[in-house]
Amino acid sequence: MEIRVLGNNHSVFDQYLAEIRDVSIQKDPLRFRENLYRLGELFAYEISKNLKYEVTDVTTPLGIAKVPLLEKQPVLATILRAGLAMHNGLLKILDRAENCFISAFRKYNESGDFEIEFEYMASPSLDDKVVILSDPMLASGRSMEIGYHALFSKGTPKHVHLVSIIASQQGVDYITETIKAENVTLWLGAIDPEMTPKSYIVPGLGDAGDLAYGEKIDSK
Ligand SMILES: O=c1cc[nH]c(=O)[nH]1
């Protein structure tokens, strides 16, 4: 699996990343969502350089321009709910893409441990398509793994791009060990060194879903 890290590359990407991490800027949920959206746009642009194009004639008022345009539209898949803002950023750039939504959530037991429960998926056929699966935080890696395997219930994708803004080193190791396919690329903004016992990334940013959409009660 190829791993591509967009952060720490002297670009505006790091400003948006710094803002979603910053505990004082996080007080503004509109800016938090907007930054997830902008990071989604930057990922989309970088991933677009790895898609297939065909030279197409475009009729202008004065003649014909030959322009490389996407050969086939990708499918943008995301894991609810934290993935929504980033998904909309990806969709702003890849605006003719098809869309797929997967719901997965942490189901806590009495001891405070949790399992990731997969519940719902709304998707077009994924057969022979490029799928871009986003989840802003890659912590243990289990949601992404479940999301990745869920894709195959809707067909066999040609290539899968997995996209997370912040990953833990443990999550990256887990994904590279459990997903062995050659036709998978892992796109990340940053890789953080640690996780809490409750699987929050350190330094990370906290709970991305809560920061974007407000606190929730845990599912039992
Ligand atoms: O640190 C983490 C880990 C998973 N999900 C989050 O929102 N934050």
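Just so it is clear, none of the values below were taken in a lab; they were calculated from the coordinates. If you're wondering where the values come from, they're calculated on a predicted model, not measured in any experiment. Positions of Cβ are generated from backbone atoms using ideal geometry, with glycine treated the same way; all protein chains shown enter the neighbour counts.
Some observations on this one:
- Sequence-separation-based contact order of the chain, relative, with Cα cut under 8 Å and 6+ spacing, percent: 22
- Size of the chain: Rg and Dmax of its alpha carbons, in Å, are 17.9, 70.
- In order along the range 185-202, the Karplus-derived 3J(HN,Hα) couplings, from 6.51 cos²θ - 1.76 cosθ + 1.60 at θ = phi - 60°, round to 10, 9, 9, 10, x, 7, 10, 9, x, 10, 9, 6, x, 8, 6, 9, 6, 10 Hz, and Gly and Pro are given as x.
- Under the Karplus curve 6.51 cos²θ - 1.76 cosθ + 1.60, θ = phi - 60°, whole-Hz ³J(HN,Hα) for the range 113-125, x wherever Gly or Pro sits: 6, 9, 10, 8, 9, 9, 10, 8, 8, 10, 8, x, 4
- Efficiency of FRET between L69 and T196 - r from beta-carbon atoms, R0 41 angstrom, step 0.05: 0.35
- 15 Å beta-carbon shell around T176, net charge (K/R +1, D/E -1): -2
- Amide H contacts of L162: L133, T185, L186, W187, each under 5 Å away and 5 or more positions distant or on a separate chain (H built 1.01 Å from N in the peptide plane; Pro and chain starts excluded).
- Phi angles across the range 155-168 convert, under the Karplus curve 6.51 cos²θ - 1.76 cosθ + 1.60 with θ = phi - 60°, into 3J(HN,Hα) values of x, 10, x, 6, 8, 10, 9, 9, 10, 9, 6, 10, 10, 8 Hz, Gly and Pro given as x.
- Extending 7 Å from the Cα toward the beta-carbon at both T60 and S103 defines two label points whose distance is 4.9 nm.
- Long-range HN-HN contacts of N99 with modeled amide H, under 5 Å: L76
- Tilt relative to the chain, helix 169-178 - C-alpha long axis, 0 to 90 degrees, to 10: 60
- Taking all Cα pairs closer than 8 Å and separated by 6 or more residues, the relative contact order of the range 79-139 comes to 39 percent.
- When only the Cβ of Lys, Arg, Asp and Glu is charged (+1, +1, -1, -1), the dipole of the chain relative to its Cα centre reaches about 460 debye.
- Each of the peptides 118-127, 163-172 was scored by the mean count of other Cβ atoms within 10 Å over its residues; in descending order, highest first, they stand as 163-172, 118-127.
- Its DSSP H runs of at least 4 residues, each contributing -39,500 (n - 2.57), put the calculated 222 nm mean residue ellipticity of the chain at -9000 deg cm²/dmol, to the nearest 500.
- Residues whose amide H comes within less than 5 Å of that of V130, counting only those at least five positions distant or on another chain, are V75, K158, H159 (H built at 1.01 Å from N in the peptide plane).
- Helix 29-48 vs. the chain, principal-axis angle (Cα, 0 to 90°, nearest 10): 50
- Aspartates and glutamates whose Cα lies under 18 Å from that of K72, excluding same-chain neighbours fewer than 8 positions away: E46, E54, D57, D95, E98, D127, D128
- Rounded to the nearest 10 degrees, the inclination of helix 84-93 to the longest alpha-carbon principal axis of the chain is 10 degrees.
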